[in-house]
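Working notes, structure below.
The values are calculated or read from the model by the stated rules, or taken from the named source; none is laboratory data. Quantities reported herein were computed from a predicted structural model and do not represent experimental measurements. Glycine also receives a Cβ, built like all others from the backbone with ideal geometry; neighbour counts cover every protein chain displayed. Only protein heavy atoms, including side chains, enter the accessible area calculation; ligands, DNA and RNA are left aside. Shrake-Rupley method; radii C 1.70, N 1.55, O 1.52, S 1.80 Å.
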Amino acid sequence: MQKNPDAILILPKLAIQNANCISSPLTWGFPSIAAVLGFVHALQRSCNNKYPTLSFTATAIICHQFYPQVFLPPGTRDMVFRLTRNPVDKSGKTASISEEGRAHMTVSLLLQVRDAQYYELNEQEAAQMAANILEIAYTLRFAGGSMLAPKHDRNKAKLIDWNFDGSTLKKALRQLLPGFMLISREDLLAEQISTMQSTEPEITALDALLDIAALHSEPETQDINAENVDWIVRKRPGWIVPIPVGYRSISQLYQPGTIANARDNTSPFAFTECIYSLGQWISPHRIDENSRIFWQYQHDSEKGVYQCICC
């Protein structure tokens, strides 16, 4: 059984500019949860210089605003990304680039904190610790985006003891309204796979994921003799979205420096592909003590899997 954290650190209303919103080869929109946990891991490493025993064990995320940098070209019906104009190459021609989707957004993070020295802090020292962590956070990148300084003093970080009842957590979440929290709905995907495979055994998990993500128009009545039939869009059980939740190795593990053009020549290398699942955006006021809202990563080196799960 995993040990409970010592406290919850709330980083409210973080304004982020030009974050990467191409979250995987198949999806775009809000940054992947792996990017969020990567930011939290980088924050922990930066904080360990001042707080050596500090660790962040899990993360919940709330999105308040999301503005993708897109526009509608004249005479078309499809939105496209606003891309940067990069410098020309040696021949004077425009250099080839990979398309980069960007978005401005405002998010809040709830971090599970574990620190052996936390209970030795008084109220003033805990408040200063939260302020120091927030200050460090503003020096980091979030999913490739830049953190903007707060416009007023209301966006102060706060540390809350973990030994509280559910009402205290709900009170803290109500202070982060309006917004939507991203949680895992892996159970819904498993249910969809089972339902579809009961009639079509050859159905794959990807087929089930695409079926849920698609918009299905259905007749309002099943009476084949009806003269006038209204068509409606099939309802979903909430704001359900396909999301990438990690990576899986599709090759052997190569020794450092043996693969050309690798970013890191000091670490082992493996080719990977995305792991997809379902997520749901839910209002924080609907969260109760039984809700699984905190994300953490699991790593299985033998299977070559790095996956983010809700706990």
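Give me the residue from the range 77-109 that is at pLDDT 85 or above and not charged (D, E, K, R) and, out of that set, farthest from Leu134 (Cα to Cα).
Gly101
Only residues that are touching a strand residue (DSSP E or B) at 6+ places or on another chain (Cβ under 8 Å), at pLDDT 90 or above and surrounded by fewer than 14 Cβ atoms within 10 Å (Cβ to Cβ): list them for the range 43-73, please.
Within the range 43-73, just Tyr67 meets the criteria.
Every residue in the range 174-206 that is of a type in the set (D, E, K, R) and free of Cβ contacts under 8 Å to residues at least 40 places away in the same chain, please. Spell out how you get there, then give the answer.
Initially, the range 174-206 is screened for residues of a type in the set (D, E, K, R), giving 174, 185-187, 191, 200, 202.
Hits for the range 174-206 are Asp187, Glu191, Glu200, Glu202.
Please give the number of the condition Val80 fails out of (1) open to solvent by less than 60 Å² (accessible area, probe 1.4 Å); (2) touching a residue at least 60 places away in the same chain (Cβ under 8 Å); (3) aliphatic (A, V, I, L, M).
The one condition Val80 does not meet is (2).
Within the range 148-197, work out how many residues are surrounded by 18 or more Cβ atoms within 10 Å (Cβ to Cβ), outside any helix (DSSP H, G or I) and at pLDDT 90 or above.
Residues in the range 148-197 being surrounded by 18 or more Cβ atoms within 10 Å (Cβ to Cβ), outside any helix (DSSP H, G or I) and at pLDDT 90 or above: 7 in total.
Residues being in a helix (DSSP H, G or I) and among the aromatic types (Phe, Trp, Tyr): count how many of those fall in the range 28-47.
Taking the range 28-47 as the starting set, the residues that turn out to be in a helix (DSSP H, G or I) are 33-47.
Then keep just the ones that are among the aromatic types (Phe, Trp, Tyr); that gives 39.
Final tally of qualifying residues: 1.
What single numbered condition from (1) in contact with a Phe, Trp or Tyr (Cβ under 7 Å, 6 or more places away or on another chain); (2) at pLDDT 85 or above fails to hold for Pro219?
(2)
Which of the residues spanning the range 10-22 are in contact with a helix residue (DSSP H, G or I) (Cβ under 9 Å, 6 or more places away or on another chain) and open to solvent by 20 Å² or more (accessible area, probe 1.4 Å)?
Selection gives Asn20 alone.
Yes or no: the range 58-65 includes at least one residue that is farther than 25 Å from Ile293 by Cβ and within 25 Å of the chain's Cα centre (by Cα). Don't jump to the end; show me each part of the working.
Taking the range 58-65 and keeping what is farther than 25 Å from Ile293 by Cβ, we get none.
No: the range 58-65 contains no residue that is farther than 25 Å from Ile293 by Cβ and within 25 Å of the chain's Cα centre (by Cα).
Any residue in the range 260-282 that is open to solvent by 100 Å² or more (accessible area, probe 1.4 Å), out of contact with any helix residue (DSSP H, G or I) (no Cβ under 9 Å at 6 or more places or on another chain) and closer than 20 Å to His41 by Cβ?
Just the residues of the range 260-282 that are open to solvent by 100 Å² or more (accessible area, probe 1.4 Å), to begin with: 261, 263, 266.
Checking which are out of contact with any helix residue (DSSP H, G or I) (no Cβ under 9 Å at 6 or more places or on another chain) leaves us with 261, 263, 266.
Now narrow it down to the ones that are closer than 20 Å to His41 by Cβ: 263, 266.
Taking every residue of the range 260-282 in turn, at least one turns out to be open to solvent by 100 Å² or more (accessible area, probe 1.4 Å), out of contact with any helix residue (DSSP H, G or I) (no Cβ under 9 Å at 6 or more places or on another chain) and closer than 20 Å to His41 by Cβ.
What about Tyr306, is it modelled with pLDDT of 85 or more and either polar (S, T, N, Q) or open to solvent by less than 90 Å² (accessible area, probe 1.4 Å) (or both)? Let's see the steps before the verdict.
On the way: modelled with pLDDT of 85 or more: yes; either polar (S, T, N, Q) or open to solvent by less than 90 Å² (accessible area, probe 1.4 Å) (or both): yes.
Criteria met by Tyr306.
Given Glu120, Glu135, which one is open to solvent by 70 Å² or more (accessible area, probe 1.4 Å), modelled with pLDDT under 90 and either under 23 Å from Pro52 (Cα atoms) or of a type in the set (S, T, N, Q) (or both)?
Numbers: Glu135 fails: modelled with pLDDT under 90.
It is Glu120.
Quick check on Arg286: is it open to solvent by less than 100 Å² (accessible area, probe 1.4 Å), over 21 Å from Gly38 (Cα atoms) and of a type in the set (Lys, Arg)?
Taking the combined requirement at face value, the residue does not satisfy it.
One line per residue, one yes/no per condition, for (1) hydrophobic (A, V, I, L, M, F, W, C); (2) out of contact with any Cys (no Cβ under 7 Å at 6 or more places or on another chain):
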site	(1), (2)
Pro25	no, no
Trp28	yes, no
Leu37	yes, no
Val40	yes, yes
Arg45	no, yes
Thr59	no, yes
Lys90	no, yes
Lys93	no, yes
Ser108	no, yes
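For the range 123-132, name all the residues that are buried (at least 16 other Cβ atoms within 10 Å of the Cβ) and not small (Gly, Ala, Ser). Steps first, answer last, please.
Restricting attention to the range 123-132, the residues satisfying the condition of being buried (at least 16 other Cβ atoms within 10 Å of the Cβ) are 126, 129-130.
Once the filter is applied, which keeps residues that are buried (at least 16 other Cβ atoms within 10 Å of the Cβ) and not small (Gly, Ala, Ser), the range 123-132 yields only Met129.
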